[in-house]
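Novice: I am attaching a structure below and will ask some questions about it afterwards.
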Amino acid sequence: MRIRVRAGGEILLAAICMIATIALSPARAFEPDEVKAIVRNPASAETYPGAGGVWLAIERRIEIDGAGNLHGFDHRIARVLDSDWGAEHFSPYVRTYAGEYQSVRILVARVWQSVEKFEDLPPDAVRHLPSAKTEDAAPYAKIVDLTAEFPQLEPGSTVEVLTEYYERTRPGDLNVRSFEYLFGAEEPVVEQQLHLSHPAAFDPAMESLGDSLFFQPKRLGSGRSFDWLTGRLSAQGFRVEDALTSRSPAPESALPEDTRLTVYAGSVWEYLSGYYGRNWDREIGSGDPDITLGVGDIVGDVTGADARVDAIENWVQTEVRTLRLTHQLLGMTPIAPGEIYRAHAGAPRDKAALMIALLAAVGIRGEPVLVRTRTGPWLRDLAAPEQLDRFLVRVFLPGGGERWCDPVESETPLPPSEGLNILMEGSDERGLIPFPGRAGR
């Protein structure tokens, strides 16, 4: 294990090399006495002025097996200080998942009136529904919202939600496993923990930007190591009341915003260029009959490569609805462009693939590049796609020259940055490439 400390506010962990397949025992979320201790926290509108609510505790436990599959628990406990905040977060509480490779269920959904009194939601208040984010677009029928409909929450109520989830390796991502975990939020967060367990052959490396999180590795006797990170527990001033630990932190001990943890198993950026590029080549293929016929209506009588690129970019931006579904949820391999063309709706990843297919239909080559537009420090040498956030299309004009196109209409300029070049047939630039920036429209 190697640990590096830098100045800054992010903490990231790179976990590399999954080899052995070892049966892992079930993870556990907060123990019942811990939950009661958290509920006893006297957080109120007076101690957190201006806040609509406080996350008293957020805990995630993740087990990774030797094949890269995940089994996890997500435990959240919140104090409602304003009824509107409670309605926004819990009426309903929503967790979106990809039914093709994930399953999620709620184990606990309850409202605490006091440390000894709580009320569980009835079973019919918890449902699995087609995700509202898909806007009924057929290619995304397997995207699901798990919803828990809480009643109106009065100020002072404490809400507890515990979910269990399973995730097998995503289609097209069999040799790669990565995810990000955000510590802190816009609302105050008192206590936050991430527990990661994995086979002993899984050799993690941690790179730290700042020291806002506490890290402790452990070796367990079952042939695996157990690594956990937690919030600022040392600042919380634990005390014992009636033989029960009570967490009573001061407001200033809440976690900072935008501290991220990235867990990664895979290779270097250059490897990912070719690995994902093969998947994109397969899905885009040699074209789709509907696209071949329809592109004539899109470009019309326009001549000249630049003008045709403009027409295709404008059509993809304005005529194909943008669905706010990220590659973190969907994975890196796109849906076949013909399906997106017929649905007239797609995630940014899939709109980029459609744009490339339309360009190819008029004899112009384009390549997808996953660019980082987020500001702030990042670990450039950590090849985790979760650090990148926006799909753009790099267009190679006949006769020389290139330009960058955005499949999503935006008035916000994009600053110069870098992005992962997804290596499709006809290109040889691997790894991260410069992005020159782009003016808004």
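FYI, it's all coordinate maths here, none of it is from the lab. This one's a predicted model, so the numbers in the text were calculated from it and none came from an experiment. Quick reminder, even Gly has a Cβ in these numbers, built from the backbone with ideal geometry, and neighbours come from all protein chains shown.
Novice: Need one number for the range 269-435: average projected area of the convex hull over its C-alpha atoms, nm².
Specialist: For the range 269-435, the mean projected area of the Cα convex hull comes to 9.3 nm².
Novice: Where a ≥ b ≥ c are the square roots of the eigenvalues of the C-alpha gyration tensor, would you call the range 308-404 rounded, which needs a/c under 1.5, or, failing that, prolate if a/b is larger than b/c, or oblate?
Specialist: oblate
Novice: Work out how much length E135 to D120 would gain on full extension: take 0.36 nm times their residue separation and subtract the Cα-Cα distance, in nm to one decimal.
Specialist: 2.3 nm
Novice: Spin-label point model (7 Å from Cα, Cβ direction): what's the N314 to E31 distance in nm?
Specialist: Spacing of the two 7 Å Cα→Cβ label points: 6.6 nm.
Novice: Moving on. What length, rounded to one decimal in nm, is gained on full extension from V302 through to A67, with 0.36 nm per residue of separation minus their alpha-carbon distance?
Specialist: Once the chain is fully extended between V302 and A67, it gains 79.5 nm.
Novice: Continuing with this model, one more query. Using a basic spin-label model with each label point 7 Å from the Cα along Cα→Cβ, how many nm lie between L293 and R374?
Specialist: The two pseudo-label positions are separated by 4.3 nm.
Novice: From a point 7 Å beyond the Cα of A200 in the direction of its Cβ, which residues of the range 31-75 have a backbone N at a distance under 16 Å?
Specialist: Within reach of a label on A200: 66.
Novice: Which of the peptides 365-375, 402-412, 66-76 is most tightly packed, and how do the rest follow, judged by the mean count of other Cβ atoms within 10 Å per residue?
Specialist: Those peptides, ordered most packed to least, come out 365-375, 66-76, 402-412.
Novice: Can you tell me the FRET efficiency between D82 and E270 if r is taken as the Cβ-Cβ distance and R0 is 56 Å, rounded to the nearest 0.05?
Specialist: Plugging the Cβ-Cβ distance into 1/(1 + (r/R0)^6) gives 0.70.
Novice: For V94 and D381, what is the calculated FRET efficiency with R₀ set at 41 Å and r taken between the beta-carbons, to the nearest 0.05?
Specialist: 0.70
Novice: S44 to E180: extension gain in nm, 0.36 nm per residue of separation minus the Cα-Cα distance?
Specialist: The span from S44 to E180 would gain 45.9 nm if fully extended.
Novice: In addition: Take T147, T318 and order them by how many other Cβ atoms sit within 10 Å, fewest up front.
Specialist: Sorted ascending by nearby Cβ count, the order is T318, T147.
Novice: Next question, about the same structure. Over the alpha-carbon set of the range 352-441, work out the extent along each principal axis and list the three values in angstrom, largest first.
Specialist: 39, 30, 22
Novice: So what are the ³J(HN,Hα) numbers for the range 48-64, from phi and the Karplus equation (6.51, -1.76, 1.60; θ = phi - 60°), rounded to whole Hz, Gly and Pro as x?
Specialist: For the range 48-64, the Karplus-derived couplings read 10, x, x, 8, x, x, 10, 7, 5, 7, 10, 9, 10, 10, 10, 10, 10 Hz, x marking Gly and Pro.
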